[in-house]
1. So what does Val48 come to for accessible area, using a 1.4 Å probe and Å² rounded to 10?
2. Residues with amide H under 5 Å of Arg20's amide H, sequence separation 5 or more or different chain, H placed in the peptide plane at 1.01 Å from N; which?
3. Subtracting the Cα-Cα distance from 0.36 nm times the residue separation, let me have the gained length for Ser72 to Lys42 in nm, one decimal.
4. For Ile28, tell me the accessible area in Å² from a 1.4 Å probe, rounded to the nearest 10.
Amino acid sequence: MLHRLRRAMVRPGRDLLTGRVEVDECYIGGVEEGLLGRLNLKKALVVVASQEDGPGIGRIRMRQIADASAESLIPFVQNSVAPGSVIHTDGW
């Protein structure tokens, strides 16, 4: 059953996000005591691209990345967002 769900959620050859797209990264995991800011030991760094769809959120793409460097973020954006789209970020 899990394999069927995964196939339904991730369609090979899916269309790229278009139009206005917001891209941001976040850490997934619980609170880590004693660590400040972006420091973490156990959390997973995930980047998300969401296509604006009127007042709500349209299609999304997500991927776990090693770090928040340009070397990790740019390939994700190139593989997820169509050329000519307007990308909004927090500037990080």
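The values are calculated or read from the model by the stated rules, or taken from the named source; none is laboratory data. Remember, it's a predicted structure, so these values are computed and weren't measured experimentally. Note: accessible area is taken over every heavy atom of the protein model, side chains too, but ligands, DNA and RNA are not part of it. Shrake-Rupley method; radii C 1.70, N 1.55, O 1.52, S 1.80 Å.
1. About 40 Å², rounded to the nearest 10.
2. Glu52, Val86
3. 8.9 nm
4. Its heavy atoms expose roughly 100 Å² to the probe.
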